[in-house]
Amino acid sequence: MSKQLVGVQDYEREAHRRLPRSALDYYQSGALDEVTLRENKEAMERWYIRPRFLRDVSQRTMATTLLGHRVAVPFGVAPTAMQRMAHPDGEVATARAAGRHGAPFTLSTIATASIEEVATAAPNTLRLFQLYIYRDREVTASLVRRAEAAGYSALVLTVDAPYFGIRRADIRNKFTLPPHLRLANFQSAEESGRVNTSPGGSGINEYVASLFDAALTWEDVAWLKGITKLPLVLKGILTKEDASLGVEAGAAAIWVSNHGARQVDGVAPTMEALPEVVAAVHGRCEVYVDGGFSQGAHIFKALALGANMVFLGRPLLWGLACGGEEGAWGVLNTVHTELDSVMALSGCATVQDITRAMVVRRDTLAHL
Ligand code: FNR
């Protein structure tokens with residue numbers, strides 16, 4: 001990483017230069033016309049920060065907790081699949097970078113490093129395991145047992161992906177996982193090898209359609225809770241209705257997400273869905289959010305709107321592509337520096353100081 005990279009956009013530009021077309025398109029694409037992809041970012045600008053002054057910001061901390069675990073920062077790494085396309089060290093590098101930063105890391109079910117490999121390489125990182133439920137319940141239960149045995153701290157059930165959304169670039173590219181890589185959490189060719197081929201359009205969409213369980217209901221959430229002692233986080237919630245059902249189903253956290261705008265094009269940007277979910281949850285469990293976050297001020301705004309933790313997906317892929325663990329660490333460090341600056345300049349010495357009164361919606365200001 002010889003170039004000076006200042007800000008997530010620099011990492012993104014550099015990653016675009018470095019990544020092979022098919023991997024870049026897989027990482028960057030949203031569903032269909034990518035309206036929600038654009039709006040995830042635009043929605044950040046609909047909120048203005050209301051800085052407060054003369055509050056002694058000379059000593060600051062971003063430390064907070066996630067499901068009772070202490071973390072150094074109120075942001076972490078969202079699960080993104082197949083990170084070894086970005087760098088040979090893949091998920092291992094990202095997990096280690098998160099740990100060095102005191103940030104939580106989420107490993108995808110369809111990762112290119114296994115549950116155990118990441119645990120061994122990043123023993124001090126607070127690790128969450130993102131789960132997709134396979135039609136073969138023994139496959140699913142085995143993933144859960146392995147995450148428990150390897151010391152992961154929570155299961156993150158992704159509820160928004162009975163199938164994968166239509167991503168046009170992947171169809172054009174006939175996207176497949178390159179042959180030297182495999183889905184490391186699986187031994188059998190059935191669960192691992194299929195993603196290396198694409199008989200029709202996108203290899204990953206065909207993989208998901210053939211193996212994931214599209215018949216899932218809230219009963220399956222109950223089943224999952226019944227087979228694990230780990231806290232359960234529900235990822236992909238966008239409405240107050242599902243947030244309430246999630247709390248009633250015993251979720252330890254509701255993770256507001258539109259899957260990086262990769263599923264339904266036309267859903268609300270996550271910054272718009274967040275207040276509705278926070279209100280519905282009403283303090284009964286933690287609330288996380290992801291989607292379009294690339295700057296400290298964005299994170300500040302989400303915390304002000306009631307999120308306990310903000311997760312970043314693509315920015316870590318850009319960091320990885322630029323320089324493996326150092327690149328991923330660099331992205332986290334950039335965001336950290338920016339959030340620290342916003343906190344200091346807005347009168348917030350701690351995360352608890354970032355209250356709802358610290359932001360105002362732009363369109364309500366116009367009416368004053
Ligand atoms: C994802 N996401 C995702 N989510 C999940 O639950 N399991 C997964 O395997 C993946 N894989 C994945 C791959 C890629 C390339 C992307 C971009 C996203 C969604 C991810 O966890 C998160 O919700 C979004 O990435 C957040 O948006 P930003 O930060 O990428 O804008």
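The values are calculated or read from the model by the stated rules, or taken from the named source; none is laboratory data. Computed from a predicted structure; not experimentally measured. So basically every Cβ, Gly included, is an ideal-geometry build from the backbone, and we count neighbours across all protein chains shown. Accessible surface areas use protein heavy atoms only, side chains included; no ligands, DNA or RNA. Shrake-Rupley method; radii C 1.70, N 1.55, O 1.52, S 1.80 Å.
Some observations on this one:
- Of all residues in region 10-30, those satisfying the criterion of being within 13 Å of the ligand (Cβ to nearest atom) and either in contact with a strand residue (DSSP E or B) (Cβ under 9 Å, 6 or more places away or on another chain) or touching a residue at least 12 places away in the same chain (Cβ under 8 Å) (or both) are 11, 12, 15, 19, 22, 23, 25, 26, 27, 28, 29, 30.
- Look at region 188-206: where a residue is outside any loop (DSSP other than H, G, I, E, B) and a partner is open to solvent by less than 30 Å² (accessible area, probe 1.4 Å) and of a type outside the set (A, V, I, L, M, F, W, C), sitting 6+ places away or on another chain with Cβ atoms under 6 Å, you get 194/207; 195/203; 195/207.
- In region 55-78, residue farthest from the ligand (Cβ to nearest atom) [restricted to those that are open to solvent by less than 20 Å² (accessible area, probe 1.4 Å) and under 17 Å from the mean Cα position of the chain (by Cα)]: 71
- Applying a threshold of 8 Å to beta carbon distances and a minimum spacing of six or more residues, or different chains, the list of pairs starting in region 241-256 at a residue that is crowded, with 19+ Cβ neighbours inside 10 Å and ending at one that is among the charged types (D, E, K, R) and part of a helix (DSSP H, G or I) reads 243/276.
- The residue pairs whose first member lies in region 265-281 and is at positive phi, whose second member is within 13 Å of the ligand (Cβ to nearest atom), and whose beta carbons are closer than 7 Å, counting only pairs six or more residues apart or on different chains, are 266/36.
- Unique match (being open to solvent by 40 Å² or more (accessible area, probe 1.4 Å) and hydroxyl-bearing (Ser, Thr, Tyr)) among 228, 197: 197
- Candidate set: region 81-103, residues that are within 13 Å of the ligand (Cβ to nearest atom) and either under 16 Å from the mean Cα position of the chain (by Cα) or acidic (Asp, Glu) (or both); chosen: the one surrounded by the fewest Cβ atoms within 10 Å (Cβ to Cβ): 81
- Among the residues of region 253-265, those identified as within 8 Å of the ligand (Cβ to nearest atom) and part of a loop (DSSP other than H, G, I, E, B) are 257, 258, 262.
- Cβ-Cβ under 6 Å pairs, at least 6 apart or on other chains, region 82-101 side basic (Lys, Arg), far side not in a helix (DSSP H, G or I): 84/112; 84/181; 96/122
- For the criterion of being in a loop (DSSP other than H, G, I, E, B), touching an Asp or Glu at 6+ places or on another chain (Cβ under 9 Å) and not charged (D, E, K, R), residue 250 fails.
- Subset of region 1-59 (residues that are in contact with a Gly (Cβ under 8 Å, 6 or more places away or on another chain) and of a type in the set (Phe, Trp, Tyr)): 11, 53
- Number of residues in region 270-297 that are surrounded by fewer than 24 Cβ atoms within 10 Å (Cβ to Cβ) and within 10 Å of the ligand (Cβ to nearest atom) equals 1.
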